[in-house]
Structures are given as C-alpha cells and as structure tokens.
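What follows is a set of notes on a single structure, which appears directly below.
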Amino acid sequence: MAVGAVGSSNNMGFDEKMEAGDKSGALETKTSETMSANQVGVDESSQNAAEEEEEEVERKIKLGPQFTLKEQLEKDKDDESLRRWKEQLLGTVDLENVGETLEPEVRILSLSIISPGRPDIVLPIPEDGKPKGLWFSLEEGSHYKLKFSFQVSNNIVSGLRYTNTVWKTGMKVDSSKEMFGTFSPQAEPYTHEMLEEITPSGFFARGSYSARSKFLDDDNKCYLEINYTFDIRKEWATP
C-alpha cells in the first residue's frame, strides 16, 4: 500500500511537470508570435517613415542657379566634350529667339489612349486643366497605354515627370509616377508613351472615378494640373 501510494504520488508529480512544461511552451510561442507581430509593425512604421522622409526631401531639395541657353553654352565653351553634348541636346534650337529666356515653358498638348484593335482616343487638354464632364471611358479588363504630346520652349526643362492619383467614391485607389526626362526647346512636339496597363474588372471596379494629374520638373514647378473624371464600363463607349 505504501509503495503503491508513493508510485501514484510520483506519477502525479510527473504529470504536473508536463502540464507546466506545456503551459511554458505555449507562453513562449505566444510571446514569440507577439514579438513577430510587433516586428512587422515596426517594419511597416519604418517603411512609412522612410517614404514620408523621401517625400519631404523631395519637397525640400534645391537645385543650383538656372542659366539661359546662351549662358550655358558660353559657360562651358572651353570643355569640348561638354559643349558637343549640349549642342547635341539642343539640336536646331534658334538661340537668337530663345537663348535669353531663363524659365522653360512646357505645354501639354494632348493625351492619347491606345488599346489594341481599337482606334486611338485622342483627347485635347484644356489650358486650364479642367475637362468638362466625363473625359473618357475604358472597358473593364482592357489593355491600354497612355501617350502624351507636349511642347518645350524657351529653355531646357530638366526632369520632367508625371504624377497621377485616382479616387473612387472619395477613397484613393491608385497613385503613380512616371519620369519623362530632360528636353531642350524645339518647334516640333515631343511624345512620351507609357507602359501598357490593364483596367480592373468586376462589379466593384466598374463605375465613376475622379483623378488628378500633374506635370512637374526637378524644381517641382508644376506646368499643368488636370482634374478630371472617367468611367470603367463593361464595354467600350460607342463613339
């Protein structure tokens, strides 16, 4: 009886230790999961902070003094390679007409929507950047590309870029940026064609959207802001 009692007591002690071990292991697992979740939160916070810092730096950056075209050519006339590069960039620019102007001028002339198997949709851009009513419609799930036509005059525009933000029912659903490049003044318009995209599809994708596009340079000078609305439909709108 006494031996049996001792054996029973030892078994209970072993079971209690196992149960305590299980609780300890569960606590460690839970703690590890909590630390992992916290780490994810820290990583996301760090990423958001980095993005905000990058945007802040972009807003604060200041470039050196600007020069007219004549001043730029005169400044580097002794550097043969640099002078040739600038002459190649400038092309056939008439310096007598534009060489004394400091600020470049950029006019966005048109937006073309290119989709395979369909005629291009060419949209003139109002000078005030406010198209009246619905600007265009896209078919859901369709492949398309945007092509901009623009003209540069007076001086070289450096780092011309395009930004676009889209909202649906007041909620931001897309934001994108595209670098066009650096352009010298010329009489003929330039064109820039963007990469192909696919419109979203489905019940929740269809409907009306509002958007804002901007065209800026390295100095964050905005040459045009376009505020417009467009639709995504089951089929292309009949011309």
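The values are calculated or read from the model by the stated rules, or taken from the named source; none is laboratory data. Bear in mind the structure is a predicted one, so any value in this text is a computation, not a measurement. Neighbour counts run over all protein chains shown; Cβ positions are idealised from the backbone, glycine included. Note: areas computed on protein heavy atoms with side chains; ligands, DNA, RNA excluded. Shrake-Rupley method; radii C 1.70, N 1.55, O 1.52, S 1.80 Å.
Could you list all residues from the stretch 210-239 that are open to solvent by 20 Å² or more (accessible area, probe 1.4 Å) and hydroxyl-bearing (Ser, Thr, Tyr)?
Ser210, Tyr223, Tyr228, Thr229, Thr238 - these are the residues of the stretch 210-239 that are open to solvent by 20 Å² or more (accessible area, probe 1.4 Å) and hydroxyl-bearing (Ser, Thr, Tyr).
Looking at the stretch 190-219, I want the residues that are of a type outside the set (D, E, K, R) and have a partner that is open to solvent by less than 80 Å² (accessible area, probe 1.4 Å) and in a loop (DSSP other than H, G, I, E, B) with Cβ atoms under 6 Å, at least 6 apart or on another chain. Which pairs are those?
Qualifying pairs under 6 Å: Thr199/Glu140; Thr199/Ser142; Ser201/Glu140; Ser201/Gly141; Ala205/Glu140.
Considering each of Ser176, Ser184 in turn, give the residue that is over 29 Å from Gly207 (Cβ atoms) and open to solvent by less than 80 Å² (accessible area, probe 1.4 Å). Give the steps one after another, and end with the answer.
Numbers: Ser176 fails: over 29 Å from Gly207 (Cβ atoms).
That would be Ser184, the only listed residue that is over 29 Å from Gly207 (Cβ atoms) and open to solvent by less than 80 Å² (accessible area, probe 1.4 Å).
Of all residues in the stretch 97-124, count the ones that are open to solvent by 20 Å² or more (accessible area, probe 1.4 Å) and β-branched (Val, Ile, Thr).
Residues meeting the conditions: 5.
Residue by residue through the stretch 155-168, note down the ones that are touching a helix residue (DSSP H, G or I) at 6+ places or on another chain (Cβ under 9 Å) and either open to solvent by less than 10 Å² (accessible area, probe 1.4 Å) or closer than 27 Å to Phe204 by Cα (or both).
So the first thing to find is which residues in the stretch 155-168 are touching a helix residue (DSSP H, G or I) at 6+ places or on another chain (Cβ under 9 Å), and the list is 155-156.
Of everything in the stretch 155-168, just one residue is touching a helix residue (DSSP H, G or I) at 6+ places or on another chain (Cβ under 9 Å) and either open to solvent by less than 10 Å² (accessible area, probe 1.4 Å) or closer than 27 Å to Phe204 by Cα (or both), namely Asn155.
Restricting attention to the stretch 135-154, which residues are within 19 Å of the chain's Cα centre (by Cα) and surrounded by 17 or more Cβ atoms within 10 Å (Cβ to Cβ)?
Tyr144, Leu146, Phe148 - these are the residues of the stretch 135-154 that are within 19 Å of the chain's Cα centre (by Cα) and surrounded by 17 or more Cβ atoms within 10 Å (Cβ to Cβ).
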